[in-house]
Amino acid sequence: MRGVSYLDAHEKKEIGGMDTIMIDKNSYFAQLRVVAMAASGAVEPGPPGAAVAPSPVLVPPSAPSYLFRPISAEDEEQQPTEIESLCMNCYRNGMTRLLLTKIPFFREIIVSSFSCEHCGWNNTEIQSAGRIQDQGVRYTLTVRALEDMNREVVKTDSATTRIPELDFEIPAFSQKGALTTVEGLITRAISGLEQDQPARRANKDATAERIDEFIVKLKELKQVTSPFTLIIDDPSGNSFVENPHAPQKDDALVITYYSRTRQQEEMLGLQAEAPAEKPEEEDLRNEVLQFNTNCPECNAPAQTNMKLVQIPHFKEVIIMATNCENCGHRTNEVKSGGAVEALGTRITLHITDPSDMTRDLLKSDLQCGNTGARI
C-alpha cells in the first residue's frame, strides 16, 4: 500500500504498510490538509495561459458503507469526488473535487477544491454538511504560547472573528469558510489587508500608512510575544476550535452556546416567526367625522357632525349634531359608545346650592326600543 505523508504538530511522520494504525485527533487534521492538497492537485496560481501539469485521475470509489467517514490511511475507498465545472477566471472547464469527512469531537464537513489546468487558478473552501444548529456558538481562546497557534480551526462563512486587544474584527460573510489554524486565520487577514496596499500607496492614500502599522501588529501576534484573545462567534453553530486535550477540559478555551437574535435568524435565512402585529386602531377622539344626511324638517340635504368623547369617571359617548342650512334646523343627540348595560341606573340628586344647577347632565331617552340621549 502506498504511504500517505502528513505533517504533525511537531514532526513529520510516514503512514504506510498493511499494519493497523490508530489515528488520533491531532494527526487527523494534518491528514485532512494533505487530502485537501491532493484534492486540489497542488496547483499553484500562475499567469493566464501558463502551462500547468494536469492532476492525476482519481478512481471513483466503490459504494461506501456510509457517506461520511474519518480519514484513515487504511481506507482505500475514501477518494474525492471529481466534478467538471466552469472556471470563473478564464471561463473554461476546470475540476472541482469534493471530500466528505468527519472531524473527531465535532461533526461532518465537506472539503471542496477547484483547480483549473488552463489558467492555474485554484480555490479551496469548507462547508458544514449538517444543518444549522439550534443555538449559536462562541469560542473564546486565550493564546499564550506558540503551540496555541497550531490549533485547528473550522470557520464557516457566517462566523465573526475578533481580536479584542487590537480592536480587530472580520465580519460575517466577508470570507468563505475555511479549515485552517489560528496562525492561518491571522495570515489570511494579513493577506487581505496587503492586497490593495500598492494601489493605496500609489494614490498617496493616508490610510495606507495606518494599515501598514496595523499589519505589523498582526505579525507580532504570530510570535505570541504577549497573550491575546481570539473570539470566533458563529450564529449557525457550525464553527469549531480544536481542543488538543479532548475529551478533557481545556482551560484556555471557553465555549458558549446562546440563542440567536432575530437579526441573526434573518442573516442566516431562517424563517423566524415574527410576532403578530396588532392592527393600528384609528384614534377618533381628536377627529370630527362628517357625513351627509337629510334634514328631518325640510328633507333638504344637510350635514351631520359626529365626535367620540370620553366623559370623566363615566364612559365614552358619541355626540351627533345636525345643522340644516336651508331651514336652520339644528339637532343634537348623544349615543353610548358601548353596549347597553345589563342593569339600569337611578340617580337621585339633592340640590342644595345654586352651583348644582350648572352640573352637566346626560339623559338617555328610551322610546319604542330606540335609545337616544340629550345633554
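Quick note: the coordinates plus some simple rules give every number you see, no bench work behind them. Bear in mind that the values here come from a model prediction, so they are computed numbers and not experimental data. Methodologically, a virtual Cβ is constructed for each residue, glycine included, from the backbone with ideal geometry; neighbour enumeration extends over all protein chains shown.
Subtracting the Cα-Cα distance from 0.36 nm times the residue separation, let me have the gained length for K222 to N326 in nm, one decimal.
Gain in length upon complete extension: 28.1 nm.
Taking loop as defined by DSSP and a crowding limit of 15 other beta carbons within 10 Å, which trypsin sites (Lys or Arg not before Pro) in the stretch 278-361 fit?
Here the sparse-neighbourhood loop sites are R285, K315, R346, R359.
Please give me, ordered by residue number, the trypsin sites (Lys or Arg not before Pro) of the stretch 106-170 that lie in loop per DSSP and have at most 11 other Cβ atoms within 10 Å.
When the trypsin sites (Lys or Arg not before Pro) of the stretch 106-170 are filtered for loop state and at most 11 Cβ neighbours within 10 Å, R131 remain.
Residues with amide H under 5 Å of S239's amide H, sequence separation 5 or more or different chain, H placed in the peptide plane at 1.01 Å from N; which?
Here T156 satisfy the definition.
Please list, in order along the stretch 85-94, the HN-Hα scalar couplings obtained from phi with the Karplus expression 6.51 cos²θ - 1.76 cosθ + 1.60 (θ = phi - 60°), rounded to whole Hz, x for Gly and Pro.
9, 7, 7, 7, 9, 10, 6, 10, 6, x
Hand me the GluC sites (Glu not before Pro) from the stretch 307-364 located in a DSSP loop with no more than 13 other Cβ atoms within 10 Å, in residue order please.
Loop-located and lightly packed - E325, E341.
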